[in-house]
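Throughout, read-outs are computed from the coordinates displayed, never taken from laboratory work. Computed from a prediction, not measured in an experiment: that's the story for all the values here. Heads up, the Cβs are rebuilt from the backbone with ideal geometry, glycines too, and the neighbour counts pull from every protein chain shown.
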Amino acid sequence: MIQAVLTAEARTPGAARLHAALMELKYEFIRLMRTRAYSLSVLGFPLMFYLLFGIGQRSSAAAQYVIAGYSCFGLGSACLFGIGLGIAFERAQGWLELKWASPMPRLVYLAAKMAASATFALIVMGLLIGLGVTAGRAHVSLAQAAELAGILLVGSIPFTALGLLVALIAPPKAAAGIINLVYIPVSFASGFWMPMRMLPHWLQAAAPALPTYHLGRLALGVFGLASGKHALEHWLVLASCSVLMFAAAWITFVRSEAKSP
Amino acid sequence: MSATAPAIPAAAPPAPLARLREVTKRYGQLAALDRFSLTLRRGEVTALLGPNGAGKTTAVRLLLGLTRPDAGAAEVLGRDPRSSAARTAIGAMLQVANAPDTLSVREQIELFRSYYPRPLATAELLNRTGLAALERQRFGTLSGGQKQRVLFALAICGDPEVVFLDEPTVGLDIQTRRQVWSEVRALAAAGKAVLLTTHYLEEADALAHRIVLIERGRVVRAGTPHEIKHSIAARRIRCRTRLTAAVLRELPTVTGVEADRDGVVIFAHEPEQVLREMLPLDETIGDLEVSAASLEDAFLALTHTS
């Protein structure tokens, strides 16, 4: 079916856009997969941490916690490095400008990067659940897996916005360092690594200011492991953060356009 | 109706496919382009020449819809360059430091083909650009010249009406450069409008139907390579002489004098007259050469960057 769309030569404008979008997604995914620094670290780190800290958990709840937490961590790294670093690099090399000058549908560029990164996040989740169910003591129903996948997919939107902002603000050569420097502590403070109650009190108090914290709560909620606020509140925080970051990215982009000769 | 239709004059210039009309573009205080006009016609190669910072890139970016003019208008096929009809009629080879290097030559081409409604066949593109043997190689493993050929393939893959080539032969060996030249000529012969920016004046001389010399955002001179060369002193005299530059400048039809290693170069409209007056003044004149001014001479004379 997809192949039919990909190979059709005479296309209506709608089909042509779909074709371009599928090609962009296909090659973005291939590009990321072949970039070993990306695929190995995005897929490898969550798995390694799961083997270190998750596999020995005695209770199903603890194993589920690690699956939810590391899936969120995987989503963040997939998007920040795939989108943030990807766009920063392509912009610095002049590649983005060449694509911009082509008839490539504008939104397709960002959407393909988002979808390719989200696909990596889903692979991470699948691998974690597979490990947790087979080698660990986690119980994950199909419905829970589907719900977690849905949360990760929607969660890729704020991370895409953040990645875009990083790509526009950070100097390209420093982007990887900046992402690591910010993301590792933020994911720790958001409860991706260990339950919030094990974190220092001041960090527990500050965490709700982080959008990642709210994503973590939603993911943990799938397994009934998030206490407190209603899910809607978390979604609202994520939605408003996305809007703010996209707006900031847009303003930054327009300003840089006006300056560049 | 048909009886009243005006006949097209035999010498009508080819139809314009893209143009900048009286465009001004400012970056802060600096006017990158100042009421600059440019017309790209079907079947013509237009070379945009000028020193660095003259506004060449800004002109190209305006026609590609990458930036908007502060005043005046940019048009491709009579439309805003940002419109999708204009975009699908444009192909561009820009100066790119690098492309995603994990995709193969064929994959890069397939991806760019997908952006256009009626792309050229991949096999044809690979053959025309001499990339057939490299189609499975990843971009990152290609030499500089091979990368340039891929970028050229991406520029023409959509079979566009207007092709922008920004320094297309930088880093190419002579043989590959000649190949690109013949491809550029083929584009013009196929009725495309080509805009070429280049630092190689020889390239502009060899390829361009029209040259537009630009400096500080304004057109300094526009015309055929022949006209440009003849718009400055038509000939140059090189020799060793005892006469000072001040004396030489006073001679009839002389437009410029430059020191050149152990001799001088004199630009003049009538070299015969100049020599007739020089010979009695200096009996030691030696190593005399008279030649037509090159495009390089014209360029330097017209843009004041000797």
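Ranking A:219, A:250, A:42 by how far each Cα lies toward the positive end of the dipole of the protein assembly as shown (charges on Cβ) leaves A:219 at the top.
For the residues A:189, A:175, A:206, a GNM of chain A with alpha-carbon springs under 10 Å puts the largest fluctuation on A:206. Hey, if you put +1 on the Cβ of every Lys and Arg and -1 on every Asp and Glu Cβ in the stretch B:16-223, which of B:160, B:27, B:176 ends up farthest toward the positive end of that dipole? The residue sitting most towards the positive pole is B:27. Of interest is the spacing of the C-alpha centroids, which for the stretch A:163-194 and the stretch A:25-45 amounts to 18 Å. Net charge dipole, the protein assembly as shown: roughly 1800 debye, given to the nearest 20, about the Cα centre with Cβ charges of +1 for Lys and Arg and -1 for Asp and Glu.
Which shape class, rounded, prolate or oblate, goes with chain B when its Cα gyration tensor gives a ≥ b ≥ c as root eigenvalues, a/c under 1.5 marks rounded, and past that a/b bigger than b/c marks prolate?
Prolate, since a/c reaches 1.5 and a/b exceeds b/c.
Only the Cβ atoms of Lys and Arg (+1) and of Asp and Glu (-1) were treated as charged; on that basis the dipole of chain A about its Cα centre amounts to roughly 220 debye.
Note on the protein assembly as shown: Cα Rg divided by 2.2 N^0.38 Å, N the number of residues, gives 1.26. Within the listed set B:193, B:259, B:86, the residue fluctuating most in the Gaussian network model of chain B (springs between alpha-carbon atoms under 10 angstrom) is B:259.
For the protein assembly as shown, the 222 nm mean residue ellipticity estimated from helices alone, with every DSSP H stretch of n ≥ 4 adding -39500 (n - 2.57) and the total spread over all residues, rounds to -16000 deg cm²/dmol. Antiparallel as a % of all DSSP beta bridges within the protein assembly as shown, to the nearest 5? Roughly 70 percent of the beta bridges in the protein assembly as shown run antiparallel, per DSSP. Comparing A:94, A:54, A:216 in a Gaussian network model of chain A, where Cα atoms under 10 Å apart are tied by springs, the biggest mean-square fluctuation is seen for A:94. Straight Cα distances below 19 angstrom link residue A:26 to the lysines A:99, A:113, with same-chain residues fewer than 8 positions distant left out. If the reach is capped at under 28 angstrom between alpha carbons, list the lysines near residue B:229, excluding any in the same chain fewer than eight residues apart. Straight-line reach from residue B:229, under 28 Å: B:56, B:192.
Quick one: if the Förster radius is 56 Å, what FRET efficiency do residue B:270 and residue A:15 give, using the C-beta to C-beta distance and rounding to 0.05? E(calc), rounded to 0.05, equals 0.25. Could you tell me which of rounded, prolate or oblate describes the stretch A:98-225, using a ≥ b ≥ c as the square roots of the eigenvalues of the alpha-carbon gyration tensor, with rounded for a/c under 1.5 and, failing that, prolate when a/b is larger than b/c and oblate otherwise? Oblate, because a/c is 1.5 or more while a/b does not exceed b/c.
When +1 charges are put on Lys and Arg Cβ atoms and -1 charges on Asp and Glu Cβ atoms, the dipole computed for the stretch B:16-223 relative to its Cα centre reaches about 420 debye.
Comparing Cα centroids, the stretch A:198-236 and the stretch B:112-131 end up 51 angstrom apart. The distance from the alpha carbon centre of the stretch B:179-230 to that of the stretch A:108-139 is 53 Å, rounded to a whole number.
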